[in-house]
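Before anything else, here's the structure in question.
Coordinate-derived values only; no laboratory data. Here the structure is a predicted model, which is why all the values come from computation and not from measurement. A quick note on method: Cβ atoms are made from the backbone with ideal geometry, for glycine too, and the neighbour counts reach across all protein chains shown.
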Amino acid sequence: MRRSRDIMEKVGYFMQPQHLSVNDGQGIRTLIFLAGCPLRCKWCANPEGFTATEKKDLVYKMSVEEILSEIDKQRIFYRQSGGGVTFSGGEATVQDDMLRTLSKILYDEGLHLSIETSGYFDFEQVRDILEMMDTIFMDIKLMDSEWHRLFTGQGNELILENVKKVAALGKELIIRVPVIEGVNASEWEMLEIIRYVKEHVPSPKMEFLPYHTFGNYKYEKLDLSIDDYDFKTPSQEYMLLFKNKAISEGVSLVSYR
Ligand code: SF4
């Protein structure tokens, strides 16, 4: 397919693409991380993606052409595994023009597309992008808006409304919950989230992700302080308890980990 120079030279801000991922959708995938995020989760593992700006060795200015050439290297794996491309972040919809351009090119080529999103976006502004996705992973972190604001910098009303709107698109929708002791790892909090999903998502599917500290080294590198919260990874017993709660409420579980 012929693509105009203008499109191929368009630039955006990206973290290093991750190839051969099996954790973020079906088959073998390439993860494209777009920088920029309206939230500031206290536990964020990708703080380099807070803003859509270049950061030495962490966030790069890349053109559509460069991103497509990264994707091209892996095409053989997508075909053989039923995989494709997953857009992640940051919050991928912040650079909506770039995300739209890449999605449109890959959609027209018939690639399997997924997005991981915080759900914090203007739905009408990105509806066309979401409609090109095969699978949408969307987070719910907390049901109480004030707690949500305390831990992420924003209330959760927009996210909860967007869950309903995205569900109505009829795409495969997987609600992800980062499970964090000190934030949301209680039976009643999980039950509230599970029941919201059950009420508003037809054929509900969820994935529970235990908190990890793999990104902590980046705070030092970026000269950012880590708030002194006592977050912990939940025990396997707790994770099992929450998963069983979801199943007993009629929610299907997915796990790509
Ligand atoms: S939504 Fe994701 S990328 Fe944004 S601050 Fe929260 S954890 Fe980090």
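Return the long-range amide H neighbours of Y60 (sequence gap of 5 or more, or a different chain), with a cut-off of under 5 Å between placed amide H atoms.
Close amide H contacts, sequence-distant or interchain: F14, M15, K55.
Karplus couplings for the range 165-174 from phi (6.51 cos²θ - 1.76 cosθ + 1.60, θ = phi - 60°), rounded to Hz, Gly and Pro as x?
Along the range 165-174, the couplings run 5, 5, 4, 6, 6, x, 7, 5, 10, 10 Hz.
Now for a separate question. As an exercise, take the mean of 1/r over every pair of distinct alpha carbons in the chain, invert it, and state the Kirkwood radius in angstroms.
Result for the chain, one decimal place: 18.8 Å.
Expressed as a rounded percentage, what relative contact order does the chain have, with Cα pairs under 8 Å and six or more residues apart?
Reported relative contact order: 17 percent.
Pick out, in residue order, every one of the trypsin sites (Lys or Arg not before Pro) in the range 213-244 that is DSSP loop and has at most 13 other C-beta atoms within 10 Å; say none if there are none.
none
Also: Got a sec to turn the phi values of the range 40-49 into Karplus ³J(HN,Hα) couplings, 6.51 cos²θ - 1.76 cosθ + 1.60 with θ = phi - 60°, whole Hz, x for Gly and Pro?
9, 4, 5, 9, 3, 8, 10, x, 5, x
Most exposed first by the Cβ proxy, i.e. fewest other Cβ within 10 Å, how do V254, V94 rank?
Fewest-to-most ranking of V254, V94: V254, V94.
Considering only Cα-Cα distances, which of the following residue pairs are longer than 31 Å: K61/K104; K141/K218; K56/K171; K198/K232; K73/K218; K141/K221?
Values: K61/K104 20 Å; K141/K218 22 Å; K56/K171 37 Å; K198/K232 27 Å; K73/K218 28 Å; K141/K221 26 Å.
In this structure, K56/K171 lie more than 31 Å apart at Cα.
Note the direction-averaged projected area, equal to a quarter of the hull surface, for the Cα convex hull of the range 61-104, in nm².
Projected over every direction and averaged, the Cα hull of the range 61-104 covers 3.4 nm².
Continuing with this model, one more query. Whole-Hz Karplus ³J(HN,Hα) for the range 223-240, in order, using 6.51 cos²θ - 1.76 cosθ + 1.60 and θ = phi - 60°, x for Gly and Pro?
6, 10, 8, 9, 4, 7, 8, 9, 7, 9, 6, x, 5, 4, 4, 5, 4, 5
Further question on the same structure: Picking from I175, I159, I67, which is most flexible by a Gaussian network model of the chain using Cα springs under 10 Å?
Taking springs between Cα atoms under 10 Å, the residue moving most is I67.
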